[in-house]
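Down below is the structure, laid out as structure tokens.
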Amino acid sequence: MANEIWTIKRCLEWTKEYLAERGEEHPRLSAEWLLCAATGLARIDLYMRMDETLNAAQLETMHAAVVRRAKGEPLQYITGSTQFRMIDVTCAPGVLIPRPETEMLVEEVLNYLDAEVLSPEAAARQRVELPWNDEVEEARKAEAALADERAAAERRAANLTAADEAALGGDVLGSRAYAEELADREAEEAAAQAAEAQAAEAAESELDEYGIAIEGAGQETALAQDAAAPAPTEPCTARVLEVGCGTGCISLSLAWERRGHVTCTATDIEPRAIDLATKNRDALGLTADEVAFSLTNLVSSIPREEWGTFDVLVSNPPYIPTDVMRSLPHEVKDFEPDLALEGGADGLDIFRRLLNAAPYMLRAGGLFACELYEGALDAAAELCRQAGLSDVRIVRDLTDRPRIVRAIVTEPKQRQ
């Protein structure tokens, strides 16, 4: 390849055909992804610059990527990244690749937080008596008086007959137009006089008996306004616990999309996952105070004093039933980590442990939400009911398959 002239167009077409011959389901899309990674261009830019020639380094990168893809390795591992909701997430072998279904899990959590934690019902608004309310009322009366004067002028003009106009010599001074103009002037003068009277009255209220302005009167007015206005409320902050964070996509999306209002604690048993999630956090400019990652088994590292303080426990745990593992696509079964996939005989081994932990980790009214295998949702929902959780719901994914179970902890527990 390096001894020939390879334009973007030629490389795109050659890669598409090469991958199609080796069973690639979407060969052109894969070719575009690989070319974007090799050149640093966006997909649309490829089509704007089809005649550009790839340099030696780009060709070498492209060649290695095509070989890896032909063997079935996931595109996200080859290109090193994927998009998840509003953020770009770095991907690497040994850590589960984020899926579109998990974006819906984030959406469920956000909907709950917005409705139940971050946006509590506002108190009924009442009319506050502010210093300028009387002025507004006087202005309204002045406008009404002006309207009355205009109506009177129209009535006077309408009563002028042709004979009256002739007697006045047809002069503009005797016309209906003049009558209307005169009425307008009179009304405007009346409004101006009312405004002057209000100003004088306001000025008198700020003068002492000798006509000297009272020092600090304006400050008193401002203080009165401040006292009448409701005091600002402290912003709400939600606390989320994620178990099995992988790339960190769930916690990072929650903290990114509700920055300043959501803090996350996320755990994983895989060191590579914690390292990768930390890199993704740093790339987004988020801090450890906003998203804290911990290498641990499920919730083992959560300090006892933090039990019962979380608003949400969310997880995309290993959930593929053991028998189903054998039928997974080659690029999943042979490249992604079994530890992040297999969930036992019915796919609910880890889920049961999370369900047991939820009443200890969550406050009353907290949300427990998990993404699970489509054939296990009914069983998972029944387990939630048996555990005493309420408002148990099953959420379907974009392909209309059952995918998420969510429930509310009504009675938190405390270990003795």
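The values are calculated or read from the model by the stated rules, or taken from the named source; none is laboratory data. Being a predicted model, the structure only gives us computed values, none of them experimental. Virtual Cβ from ideal backbone geometry, glycine too; neighbours counted across all protein chains shown. SASA here: full protein model, heavy atoms, side chains in, ligands and nucleic acids out. Shrake-Rupley method; radii C 1.70, N 1.55, O 1.52, S 1.80 Å.
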Original post:
Restricting the first residue to the range 346-364 and requiring it to be in contact (Cβ under 8 Å) with a residue 40 or more places away in the chain, which pairs with a second residue that is open to solvent by less than 10 Å² (accessible area, probe 1.4 Å) and aromatic (Phe, Trp, Tyr) meet a Cβ separation below 8 Å and a spacing of at least six or different chains?
Top reply: LEU354/PHE368; ALA358/PHE368; MET361/PHE310; LEU362/PHE310; LEU362/PHE368; ARG363/PHE310
Original post:
Any idea how many residues of the range 281-326 are assigned to a loop (DSSP other than H, G, I, E, B), open to solvent by 30 Å² or more (accessible area, probe 1.4 Å), more than 28 Å from ARG259 (Cα to Cα) and modelled with pLDDT of 95 or more?
Top reply: 1
Subject >> Scope the range 78-97; condition within 16 Å of ILE274 (Cβ to Cβ), open to solvent by 20 Å² or more (accessible area, probe 1.4 Å), in a loop (DSSP other than H, G, I, E, B) and not hydrophobic (A, V, I, L, M, F, W, C); matching residues >> reply: PRO93
Original post:
If you go through the range 347-359, how many residues are crowded, with 18+ Cβ neighbours inside 10 Å and not small (Gly, Ala, Ser)?
Top reply: 6
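Is it the case that THR265 is touching a strand residue (DSSP E or B) at 6+ places or on another chain (Cβ under 7 Å), modelled with pLDDT of 95 or more and surrounded by fewer than 19 Cβ atoms within 10 Å (Cβ to Cβ)?
Judged against the criteria, THR265 is not a match.
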Subject >> Residues that are in contact with a helix residue (DSSP H, G or I) (Cβ under 8 Å, 6 or more places away or on another chain) and exposed (fewer than 15 other Cβ atoms within 10 Å of the Cβ), drawn from the range 14-27 >> reply: GLU17, ARG22
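Residues checked against (1) more than 19 Å from THR322 (Cα to Cα); (2) touching a residue at least 12 places away in the same chain (Cβ under 8 Å); (3) small (Gly, Ala, Ser):
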site	(1), (2), (3)
GLU374	no, yes, no
ASP378	no, yes, no
GLU382	yes, no, no
SER390	yes, yes, yes
ARG393	yes, yes, no
LEU398	yes, yes, no
GLU411	yes, yes, no
ARG415	yes, yes, no
**OP:** State all residues of the range 35-45 that are open to solvent by less than 60 Å² (accessible area, probe 1.4 Å) and in contact with a Phe, Trp or Tyr (Cβ under 9 Å, 6 or more places away or on another chain); if no residue qualifies, say none.
**Re:** none
**OP:** Select from the range 366-415 the residues that are open to solvent by 60 Å² or more (accessible area, probe 1.4 Å), among the basic types (Lys, Arg) and farther than 19 Å from ARG239 by Cα and list them in ascending order.
**Re:** ARG385, ARG393, ARG396, ARG401, ARG415
**OP:** Could you look through the range 46-72, keep only residues that are under 10 Å from LEU34 (Cβ atoms) and in contact with a Ser or Thr (Cβ under 9 Å, 6 or more places away or on another chain), and pick out the one that is most open to solvent (accessible area, probe 1.4 Å)?
**Re:** THR61
**OP:** Would you be able to say whether some residue in the range 373-391 is more than 26 Å from GLY94 (Cα to Cα) and at pLDDT below 95?
**Re:** no
